[in-house]
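This report refers to the structure that appears directly beneath it.
Readers should treat all values here as calculations from the given coordinates under stated rules, not as data from a laboratory. Keep in mind the model is a prediction, meaning the values are calculated, not measured. Here the Cβ positions follow ideal geometry from the backbone for every residue, glycine too, while neighbour counts run over all protein chains shown.
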Amino acid sequence: MTVPDPLAWHGLIAGLVEVAHFVGPSGLAAIVEDSCARVGVGATILLVDHEQERLRALTRDLAGSPGPPRSLPVAASIAGRAFMTLTAVAAATDPPGLWMPIVNGTERIGVLEVRLPAGADPADPATVSGARLLAGLIGHLITSKTSYGDALAKARRSRPMTPAAELLWQLLPPLTFATDHFVLAAVLEPCYEVGGDAFDYTVDDGVARFAVYDGVGKGFPAALTTAAALGASRSSRRAGADLAGTAEAVDAALKSQFTDSRFVTAVLAEFDLHAGHLRYVGAGHPPPVLLRRGKVVRALAGARRTPLGVPGPTQVASERLEPGDRVLLYSDGITEARDAHGALFGLERLVDLVERHAADGLPIAETTRRISHAVRDHQGGPPADDATLLLLEWSEAAARRSVP
């Protein structure tokens with residue numbers, strides 16, 4: 001069978017859109033495989049797990065598959081290279097193949113393995129373009145279908161989540177978002193046991209609003225505290241409150257809902273994507289770090305107040321960013337992670353990794369993934385405390401690196 005021409009690729013995609021209307025999460029792999037087979041192409045979806053360590057094959061029969069599905073390491077496979085770099089990678093196999101990253105917008109979801117007819121050139125521009133369109137549609141379908149069942153959520157897990165982690169992950173936005181000249185990426189560990197840490201962001205009308213939170217305590221009580229803070233923050237923000245008003249709304253919500261003096265440390269910030277003005281409030285949380293041309297400029301410690309839930313005067317500080325600047329927000333679970341000898345991971349090591357990965361030209365989401373794994377390696381496993389990292393960059397080049 002010959003390689004699909006552009007019309008065949010578009011026909012495949014149109015047909016997939018039609019059949020997808022009446023398919024749930026557990027049927028997604030089957031309709032992709034069947035649609036591709038009609039034009040002589042084999043296809044397998046592999047989803048990245050929550051640890052971002054392995055890519056796990058999505059099978060036709062998720063419930064009845066014998067044994068665990070095929071999986072490939074992100075850090076040591078051709079499929080992983082496509083995921084990490086957001087580029088199409090040809091496979092020198094027989095028959096020839098192509099690994100294409102799957103994203104929804106700029107949120108990395110996994111990779112698509114495309115098996116081409118014998119003799120096909122996986123580097124042919126029309127083939128790469130068709131596979132990119134197919135992977136893009138699959139990314140949208142995965143995102144839209146996930147909430148209608150448990151199959152896709154289960155396929156991304158290597159083990160069960162705690163109730164606290166289940167609650168928090170349902171409240172969080174995707175790990176990555178970009179406009180044409182701004183991108184942010186976050187990571188949250190330990191992904192299956194996280195309790196009190198969280199991040200949030202929204203981008204509307206040329207303004208990015210974002211935050212990191214660290215609720216006092218551990219497990220379900222900490223998750224409930226942070227969930228209340230997230231809810232109060234979003235409610236006040238959507239009602240038109242400014243940063244100070246949002247902080248005060250969280251104060252009031254925590255005081256009214258809990259009687260045991262719960263609090264949340266946080267950084268609340270907003271960034272004008274056109275003018276480059278950053279405004280922020282630090283509420284008992286480690287201050288953000290400003291990086292410029294790959295070097296630390298300073299910690300943003302201009303507006304300090306008590307943790308949210310402990311009412312106090314709220315001041316808002318400001319900073320003027322330059323194109324290409326990065327701002328790093330983190331929780332103390334990153335810098336206070338200890339190795340077997342008690343040595344801290346530390347802010348210096350964290351900043352050094354951000355600087356080195358910036359020089360490598362990696363997608364910003366890959367930078368946060370590698371830093372989270374460096375923390376795991378330093379500690380010899382998942383962090384003992386919740387650890388959150390949110391990295392943003394005001395850069396057209398960074399935004400372009402965030403899509404295939």
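Can you give me the angle between helix 125-146 and the longest principal axis of the chain, using Cα atoms only, in degrees from 0 to 90, rounded to the nearest 10?
50
What value, in deg cm²/dmol to 500, does the helix sum -39500 (n - 2.57) over DSSP H runs of n ≥ 4 give at 222 nm once divided by the residues of the chain?
-11000 deg cm²/dmol
Could you list log10 I(q)/I(0) for the chain at q = 0.12, 0.13 Å⁻¹, which the Debye formula gives when each Cα is one point scatterer?
-0.97, -1.11
If I fit a long axis through the Cα atoms of helix 347-360 and take the longest principal axis of the Cα atoms of the chain, what angle between them do I get, 0 to 90°, rounded to 10?
Approximately 30 degrees, to the nearest 10.
Using Cβ counts within 10 Å as a stand-in for footprinting exposure, how do GLU319, GLU393 rank, fewest first?
Least to most surrounded, the residues fall as GLU319, GLU393.
Gain in length, ALA123 to ARG238, computed as 0.36 nm per residue apart minus the alpha-carbon separation, to one decimal in nm?
36.7 nm
If you rank PHE182, PHE220, PHE22, PHE345 by fewest surrounding Cβ atoms within 10 Å, what's the result?
In increasing order of surrounding Cβ atoms, one gets PHE22, PHE220, PHE182, PHE345.
Give the calculated FRET efficiency between ARG304 and LYS255 to the nearest 0.05, with a Förster radius of 30 Å applied to their Cβ-Cβ distance.
For ARG304 and LYS255, the calculated efficiency is 0.90.
Kindly express, to the nearest 10 degrees and within the range 0 to 90, the angle between helix 219-238's C-alpha long axis and the longest C-alpha principal axis of the chain.
Helix 219-238 sits at roughly 90 degrees to that axis.
Based on DSSP, what percent of beta bridges with both residues in the chain are antiparallel, to the nearest 5?
The antiparallel proportion sits near 95 percent.
Mind checking which lysines have their Cα closer than 25 Å to the Cα of LYS145? Skip sequence neighbours fewer than 8 apart in that chain.
LYS154
Relative contact order for the range 252-404: what is it in percent, counting Cα pairs under 8 Å that are at least 6 residues apart?
22
Within a 10 angstrom radius of the beta carbon, how do VAL289, VAL296 rank from fewest other beta carbons to most?
Going from least to most buried by this count: VAL296, VAL289.
How high is the relative contact order of the chain, in percent, counting Cα pairs under 8 Å that sit 6 or more residues apart?
Relative contact order, the chain: 15 percent.
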